[in-house]
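Engineer: Sharing a structure, written as structure tokens. Questions coming.
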Amino acid sequence: MTKALFVIAHPNIEQSTGNKTIIEAYKKFNIDTEYDEIYKLYPDYKIDVKAEQEKLLKADVVVLQFPMYWYNAPSLLRKWFEDVLEHGFAYGSQGKALKDKRLIVSLTTGAPLDAFKEGGFQNFTIDDLTKGFHQLANLCSLTWEDFIATGGVNPFVKNQPEQLKVVIEDLKKHAKLLADRINV
Ligand SMILES: Cc1cc2nc3c(=O)[nH]c(=O)nc-3n(C[C@H](O)[C@H](O)[C@H](O)COP(=O)(O)O)c2cc1C
């Protein structure tokens, strides 16, 4: 059976709509999953590298779950890459620990998804903006299984009950897509 590791990078998951809804909806699919809430474990940014590497070794699929911050992942996930994906572990001629594991990026954005296009408000596609993750997967011998994104998760929508219902439905569909992609 497939084992998933969710590396959850949200600085305040209790206040979250997007990431919290995705995770709660995903849990209903009962997939063997470890939830790695890095902001809760490492509020001081001092990451236990060996513990995180052990979690990676046990997983078949790694899901990076986060809200987009400044067109990238929140800072603790960036630090997690810097610390955990060591040369000789994740990459380099002796670094094959992640070989043939799969990587999925699962993210939410404040802007609606149709703003992510050339000439749009966000100017670049999410495919463009996640190229760094794709290449991280390549370098670490992980199979890149693309991103899943839900947009329009912003304070304006959170105060509009009708629009919020639509976004919550999108987030639940996001969770189902994620579960289907994990459980191939
Ligand atoms: C510091 C910061 C940077 C952000 N940068 C972006 C961004 O680059 N693009 C975007 O669409 N939304 C951006 N947002 C909005 C968040 O992506 C949005 O609030 C989040 O996805 C909602 O998910 P949540 O309900 O789980 O917090 C940013 C929010 C913060 C706080």
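The values are calculated or read from the model by the stated rules, or taken from the named source; none is laboratory data. It should be emphasised that the depicted structure is a prediction, and the values quoted were computed from it without experimental measurement. Neighbour counts are summed over all protein chains in view; Cβ atoms, including those assigned to glycine, are modelled from backbone coordinates with ideal geometry. Ligands, DNA and RNA are excluded from the accessible area calculation, which covers all protein heavy atoms including side chains. Shrake-Rupley method; radii C 1.70, N 1.55, O 1.52, S 1.80 Å.
Engineer: Kindly evaluate Pro155 against the criterion of being near the ligand (Cβ under 10 Å from one of its atoms), open to solvent by less than 10 Å² (accessible area, probe 1.4 Å) and not small (Gly, Ala, Ser).
Structural biologist: Judged against the criteria, Pro155 is not a match.
Engineer: Looking at (1) touching a strand residue (DSSP E or B) at 6+ places or on another chain (Cβ under 6 Å); (2) open to solvent by less than 30 Å² (accessible area, probe 1.4 Å), can you tell me which one Val167 breaks?
Structural biologist: Condition not satisfied by Val167: (1).
Engineer: Does Ile47 meet the test of being in contact (Cβ under 8 Å) with a residue 60 or more places away in the chain, more than 13 Å from the ligand (Cβ to nearest atom) and surrounded by fewer than 21 Cβ atoms within 10 Å (Cβ to Cβ)?
Structural biologist: Here the answer is no, as Ile47 does not meet what is asked.
Engineer: For region 25-36, enumerate the residues that are over 17 Å from Leu57 (Cα atoms) and open to solvent by 40 Å² or more (accessible area, probe 1.4 Å).
Structural biologist: Lys27, Lys28, Phe29, Asn30 - these are the residues of region 25-36 that are over 17 Å from Leu57 (Cα atoms) and open to solvent by 40 Å² or more (accessible area, probe 1.4 Å).
Engineer: Given the condition crowded, with 19+ Cβ neighbours inside 10 Å, assigned to a loop (DSSP other than H, G, I, E, B) and under 13 Å from the mean Cα position of the chain (by Cα), answer yes or no: does some residue in region 125-136 qualify?
Structural biologist: yes
Engineer: Which is over 25 Å from Val167 (Cβ atoms) and buried (at least 20 other Cβ atoms within 10 Å of the Cβ), of Leu5, Leu57, Leu64, Leu107?
Structural biologist: Answer to the selection: Leu5.
Engineer: Related question: Among the residues of region 101-111, is there at least one that is within 17 Å of the chain's Cα centre (by Cα) and of a type in the set (Lys, Arg)?
Structural biologist: yes
Engineer: Give the residues of region 90-139 that are of a type in the set (A, V, I, L, M, F, W, C), away from the ligand (no atom under 16 Å from the Cβ) and either free of Cβ contacts under 8 Å to residues at least 12 places away in the same chain or touching a Lys or Arg at 6+ places or on another chain (Cβ under 9 Å) (or both), sorted by residue number.
Structural biologist: The answer is Ala90, Ile104, Ala137.
Engineer: Does Lys117 satisfy the condition of being farther than 19 Å from Val62 by Cα, surrounded by 14 or more Cβ atoms within 10 Å (Cβ to Cβ), at pLDDT 95 or above and basic (Lys, Arg)?
Structural biologist: Taking the combined requirement at face value, the residue satisfies it.
Engineer: Follow-up. Checking the condition modelled with pLDDT of 95 or more, within 16 Å of the ligand (Cβ to nearest atom) and not charged (D, E, K, R), which residue from Ala73, Ala4 passes?
Structural biologist: Selected residue: Ala73, the only one of Ala73, Ala4 that is modelled with pLDDT of 95 or more, within 16 Å of the ligand (Cβ to nearest atom) and not charged (D, E, K, R).
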